[in-house]
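Read through the structure below, which is laid out as structure tokens, and then see the notes.
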Amino acid sequence: MVILYSTEGCHLCEMALDLLKQTNLSCPIEIVDIAFDECLFSRYGVTIPVLNFEGDELYWPFDLEQIQSWLDKNGITYDT
């Protein structure tokens, strides 16, 4: 499962989700709102959006090509 650390009203997070959806991932996407978790907010508050897969993270800014490279590195299948 790919996790998108995000928060409500974050236009960059919305852009990141749109890019991620363009890959047509073969696994689910979990959106985690950091606003409701003090530890997550402390860790990601100034860096969201952040993608995470099994501890490997991709920090904003990223584009579709960078997402695809990150997915390839993690062995996640997709179909753009």
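What follows is calculated from the coordinates using simple rules that are stated; it is not laboratory data. The shown structure was predicted, so the numbers you read here are calculated from the model rather than taken from an experiment. Note that each Cβ is placed from the backbone with ideal geometry, even for glycine, and that neighbours are counted across all protein chains shown.
Just a yes or no: is a residue in the range 34-46 among the acidic types (D, E) and under 13 Å from Y5 (Cβ atoms)? Scanning the range 34-46, I find at least one residue that is among the acidic types (D, E) and under 13 Å from Y5 (Cβ atoms), so the answer is yes. In the range 62-80, the residue that is surrounded by the fewest Cβ atoms within 10 Å (Cβ to Cβ) out of those that are farther than 17 Å from S26 by Cβ and without any contact (Cβ under 8 Å) to a residue 24 or more places away in the chain is E65.
Note on the range 1-31: residues that are part of a loop (DSSP other than H, G, I, E, B) and either among the acidic types (D, E) or surrounded by 15 or more Cβ atoms within 10 Å (Cβ to Cβ) (or both) amount to 5. With the condition kept exactly as written, say whether any residue in the range 34-57 is assigned to a strand (DSSP E or B), touching a strand residue (DSSP E or B) at 6+ places or on another chain (Cβ under 9 Å), exposed (fewer than 13 other Cβ atoms within 10 Å of the Cβ) and at negative phi. No: the range 34-57 contains no residue that is assigned to a strand (DSSP E or B), touching a strand residue (DSSP E or B) at 6+ places or on another chain (Cβ under 9 Å), exposed (fewer than 13 other Cβ atoms within 10 Å of the Cβ) and at negative phi.
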